[in-house]
Amino acid sequence: MKISIDHRACIGSGQCTLTAPTVFTQDDDGYAALVSDGARTATLRQVTQAALSCPVQAIAVKDGLPDA
């Protein structure tokens, strides 16, 4: 699975980090960042929940997230 974060859209709410802390973290400025190798250990459900929890929909998941 490929996870991407639109850093221009991210507002640093931290919902992704709370939902999937093994995949997402926050950088020094408080914005979302990916944990190194986090995508390999995460379940699709965790990443999908994190993407859905983002209030500005800044997280995209490819190869496994069904079309809405």
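Compute the length gained on full extension between GLN26 and GLN49: take 0.36 nm times their separation in residues and subtract their Cα-Cα distance, giving the result in nm to one decimal. Mind showing how you got there, number by number?
Values: separation 23, 0.36 × 23 = 8.28 nm, distance 1.71 nm.
6.6 nm is the gain from fully extending GLN26 to GLN49.
Trypsin sites (Lys or Arg not before Pro), restricted to the chain: which are DSSP loop and have at most 14 other Cβ atoms within 10 Å?
Values: sites: LYS2, ARG8, ARG40, ARG45, LYS62; in loops: ARG8.
Here the trypsin sites (Lys or Arg not before Pro) that fit, given the DSSP loop and packing criteria, are ARG8.
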To the nearest 20 debye, the chain has a Cα-centred charge dipole, built from +1 on Lys and Arg Cβ and -1 on Asp and Glu Cβ, of 220
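Which percent of the accessible area of the chain is formed by carbon and sulfur heavy atoms (probe 1.4 angstrom)?
Details: 2210 of 4540 Å².
With neighbouring chains kept in place, the figure for the chain is 49 percent.
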Summing -39500 (n - 2.57) over every DSSP H run of at least 4 in the chain, dividing by its residue total and rounding to the nearest 500, the 222 nm mean residue ellipticity is -6500 deg cm²/dmol
Stokes-Einstein, Kirkwood over Cα pairs, the chain, 37 °C, 0.692 mPa s; D in µm²/s equals 283
Rounded to whole Å², per residue accessible area for the chain with a 1.4 Å probe reads 67
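The values are calculated or read from the model by the stated rules, or taken from the named source; none is laboratory data. On a predicted model such as this, the values are computed, not experimentally measured, just so you know. As a convention, Cβ positions derive from the backbone with ideal geometry for all residues, glycine included, and neighbour counts pool all protein chains shown. Calculation scope for accessible area: heavy atoms of the full protein, side chains included, ligands and nucleic acids excluded. Shrake-Rupley method; radii C 1.70, N 1.55, O 1.52, S 1.80 Å.
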